1. Select, from 171, 166, 162, the only residue that is touching a strand residue (DSSP E or B) at 6+ places or on another chain (Cβ under 8 Å), within 15 Å of residue 79 (Cα to Cα), in contact (Cβ under 8 Å) with a residue 40 or more places away in the chain and not assigned by TED's automatic domain parsing to the domain that holds residue 266.
2. Could you check how many residues of region 88-104 are crowded, with 18+ Cβ neighbours inside 10 Å and not hydrophobic (A, V, I, L, M, F, W, C)?
3. Give the number of residues within region 33-76 that are free of Cβ contacts under 8 Å to residues at least 24 places away in the same chain and within 16 Å of the chain's Cα centre (by Cα).
4. Provide a single number: the residues in region 242-256 that are of a type in the set (Val, Ile, Thr) and under 11 Å from residue 207 (Cα atoms).
5. So, in region 150-175, of the ones that are charged (D, E, K, R) and over 19 Å from residue 35 (Cβ atoms), which residue ends up modelled with the lowest pLDDT?
6. Does region 230-250 include one or more residues that are in contact with a His (Cβ under 7 Å, 6 or more places away or on another chain), modelled with pLDDT of 95 or more and within 25 Å of residue 128 (Cβ to Cβ)?
7. For region 135-149, check the following and say yes or no: at least one residue is at pLDDT 85 or above, part of a helix (DSSP H, G or I) and under 21 Å from the mean Cα position of the chain (by Cα).
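The values are calculated or read from the model by the stated rules, or taken from the named source; none is laboratory data. Nothing here was measured: the structure is a model prediction, and the numbers come from that model. A quick note on method: Cβ atoms are made from the backbone with ideal geometry, for glycine too, and the neighbour counts reach across all protein chains shown.
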Amino acid sequence: MIQITLSDGSLREYDQPLSVYELAASIGAGLAKAAVAGRVNGVLVDCEFMIEADARISIVTPQEPDGLEILRRSCALMLAMAVKQLHPNVQLQTGSALGDGFFYEFAFERLLTSADLPLIEARMRALSATNHSIRRREISSRATPSEGFSLYRLGDFEYLTVGPHVPATRVLQAFALDHISGTFPQRIYGTCWSCQQELENWRAPPHVIVVSMDERQAGYAQSVTETLRRSGVRARADLRSEKVRHKIREHSQTVPYLVVIGEKEQAGGFVSVRSRTGEDFGRMAVEAVCEWLNQARPRTAM
C-alpha cells in the first residue's frame, strides 16, 4: 500500500505504483488536464514519474511560478523543433526559460530576420495543435551529461535540457515570438503564459522597462520587474543578450521610464532610474521606485 500526502494535508492510499499524472487524474479530470509536473517530497518531476513509495506530493500547474517556468522551458523546445523542421540544416545550440519567456540559439546557413518569425511561430502553433508528447529518455551509462540535464524527446529530435517538461505540446497555447538577435549563433526570443488573457496583458504598452546590463543580472532584473507589477506598475524586463546601450536606445523611443540594472545595482539591492528623455533620477531602493512610479505615471497607464 502506497500512502500519498497531498498539499492540503489529506491522505490517499493506492495499492500499486502510479504516475504523477495518474495521481492527478484520480483527484480530478480538470487537475489532470492542467498538470505540467509534480513535486515529490519537494523535488520537481515530470508527469510520467512513477510513485513507488510513501511520499508527500503536489501537482504543479501553470498557475504557480514553477509551473509557468516549466511551460516556458518546454516552449523553447517547441521553438527548436519548429526551426529544425523549417531549416533542416540548422545547428541547435541551447535554449531555456528566461524571465517572462524563453529563448533558443541556432547556427543558420543564412541570417534570419524578424520577418522570419511569423512563419516560425505559425509552425509552433501547428506543433501545439497536433499535440506532440515530450518524454524524458534514459541516458546510456557511457554518456556523461552536464549536472542537472536530462535527455528529452520531442517529435523526431532529442534535446539535452534541464527538466521537467510539460507532458505534451497541447499545453503550450499562449505564446509569441518577439525578437531575433545575433549573427552566429542567432538567438530567438519569445514569451509564454498560462492563458491568452495573460499574454494580452503582457502585450499592453508598459510604463517601465527593466533593462539588465548582461545575463548575470537576469534573475535580479526579473525579480525587480515582478515587484513592480505587484505594486501596480505595468512593467516588463528586457533580458536579451544585447548591448545595454542598444536596449536603452530602443526602449527610449516608446517607454516613459527605464530601470537599469548592472553589477553594482544587483550587489547593492537597488536600481538606477531614468526617463525616456534621458533624465537621470539616480539609484533607488526597489520599494522606493514602486512608490515613485505609482505617483509619477499617468492615470491612463494603470
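1. Unique residue meeting the criteria: 166.
2. Residues flagged as crowded, with 18+ Cβ neighbours inside 10 Å and not hydrophobic (A, V, I, L, M, F, W, C) within region 88-104 amount to 5.
3. Matching residues across region 33-76 total 2.
4. Just the residues of region 242-256 that are of a type in the set (Val, Ile, Thr), to begin with: 244, 248, 254-255.
If we keep only those that are under 11 Å from residue 207 (Cα atoms) as well, we get 254-255.
The qualifying residues number 2.
5. Step one: list which residues in region 150-175 are charged (D, E, K, R), which gives 153, 156, 158, 170.
Narrowing the set further to residues that are over 19 Å from residue 35 (Cβ atoms) leaves 153, 156, 158.
On the way: 153: 93, 156: 84, 158: 88.
Within region 150-175, the match that is modelled with the lowest pLDDT is 156.
6. no
7. Looking through region 135-149, none of the residues is at pLDDT 85 or above, part of a helix (DSSP H, G or I) and under 21 Å from the mean Cα position of the chain (by Cα).
Results for (1) in the same structural domain as residue 290 (by TED's automatic domain parsing); (2) assigned to a helix (DSSP H, G or I), shown as yes or no for each residue.
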site	(1), (2)
179	no, no
187	no, no
211	yes, no
218	yes, yes
222	yes, yes
226	yes, yes
236	yes, no
241	yes, no
245	yes, yes
